[in-house]
Amino acid sequence: MSSPLSIIFMGTPEFAQNILKNLVKSEDKVIAVVSPPDRPKGRGQKLEPSPVKTFALEHKLLVLQPEKVREPEFIKKVWDLSPDLIVVSAFGQILPKELLTIPKLGAINVHASLLPKYRGASPIQCAILNGDSQTGITIMQMVEKMDAGAILLQKAIPIEPFDTAGSLSQKLSELGGELLIEAIKLLKAGKIEPKPQDESQASFAPLLKKDDGKIDWQKSAEQIWRQIRAFNPWPGAFIGEGKSQIKIWEAEPGQAQAEPGQILEAHRRWIEVACGKGSLRIKELQPVGKKRMSAEAFLAGHKIKIGDKFF
């Protein structure tokens, strides 16, 4: 099949938007984009479209927004569109068999991990949390089980010491867009051999909750440092509760030892706090209702004593 394919794309966040950008620039034709219904956001709870929907509208693409992709009405719409291929990235729903069997070439997924490792919603965060030295992109066939289909293409990249979920997501979305186009070309040429995943090696990356960002000073400095990077930009790693909550955006591990949570140093470069093992040097933080600020700026507005507990 050498002529342009008609493709339906399904995705939600900025990661998926970057994948869609590559697809739109390719020789194939995106005939529809599927994204969740607009959701209320912010203090005003104003309805906001997903990044994928926003991009699709800017490029005058047909947008479909089913609450559930299992809805018979939605399945009929896809059937009527008669796509050659469905491409999915960070969509958040498992496609039923009735959808998977419509396209001539089936459905493929762009997933931000080296499957079968980290199936699920938070593969990027889990890779950082666990201190992995590398991660990558997997292009796989879709089945009715989450992220369990046969692998078409896979490519790894290193995780740099100061990568955050945000910076790593950007790198992976760029890689994912390139790898997707390569996979589609090979699919069209019939030159790709799907490789089944090793189920015994499967691990899972659960959906994140805001409370996952809460820092426990009993943990090691290395663990907390990974947590800060893994939860940047969302939900953010934090200490304190309610109006006294403070998010920590940038830090580095140190070697000092003392009672966990105790303030060891406080100067313009950082605030150093003891952890279960080692210490954490906090460089950038954000009290509730304020902008991000340096340790120096924070100390200018807050009285902190060496030896006190840091929340």
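What is the Cα centroid distance between the stretch 1-35 and the stretch 233-311, reported in whole angstrom? Taking the Cα centre of the stretch 233-311 as reference, the centre of the stretch 1-35 is 43 Å away.
About the Cα centre of the chain, how large is the charge dipole given +1 on each Lys and Arg Cβ and -1 on each Asp and Glu Cβ? Please answer in debye to the nearest 20. Could the numbers behind the result be given before it?
Values: 43 positive and 36 negative charges, 146 e Å.
Its charge dipole is roughly 700 debye.
Quick check for me: using +1 on Lys/Arg Cβ and -1 on Asp/Glu Cβ, what's the dipole size of the stretch 136-279 about its Cα centre, in debye to the nearest 20? Spell out each step's value before the answer.
On the way: 18 positive and 20 negative charges, 59 e Å.
Dipole about the Cα centre, nearest 20: 280 debye.
In terms of distances greater than 22 angstrom between alpha carbons, the cross-link table entries Lys117/Lys247; Lys243/Lys290; Lys219/Lys309; Lys77/Lys195; Lys41/Lys290; Lys76/Lys97 yield Lys117/Lys247; Lys77/Lys195. Within the straight-line cut-off of under 17 Å between alpha carbons, the aspartates and glutamates reachable from Lys210 are Glu241, sequence neighbours fewer than 8 places apart in one chain being disregarded. Pairs from the list Lys214/Lys283; Lys25/Lys171; Lys209/Lys305; Lys68/Lys191; Lys29/Lys104 with a Cα-Cα gap above 25 Å: Lys209/Lys305; Lys68/Lys191. Residues Leu187, Leu81, arranged from fewest to most other Cβ atoms within 10 angstrom of their Cβ, appear as Leu81, Leu187. Within the stretch 213-311, the proportion of C-alpha pairs whose separation exceeds 18 Å stands at 37%. Shape descriptor for the chain: Rg over Rh equals 1.05 (Cα atoms; Rh from the Kirkwood inverse mean 1/r).
Only helical runs count toward this figure. For the chain, summing -39,500 (n - 2.57) over DSSP H runs of n ≥ 4 and dividing by all residues gives -8000 deg cm²/dmol at 222 nm.
Within the stretch 1-74, the trypsin sites (Lys or Arg not before Pro) that combine a DSSP coil assignment with at most 11 other C-beta atoms in a 10 angstrom radius are Arg43, Lys60, Lys68.
Read the figures in this text as sums done on the coordinates, not as results from a lab. Since the model is a prediction, treat every value here as computed from it, not as a measurement. With ideal geometry, Cβ positions are generated from the backbone for all residues, glycine too; neighbour counts draw on all protein chains shown.
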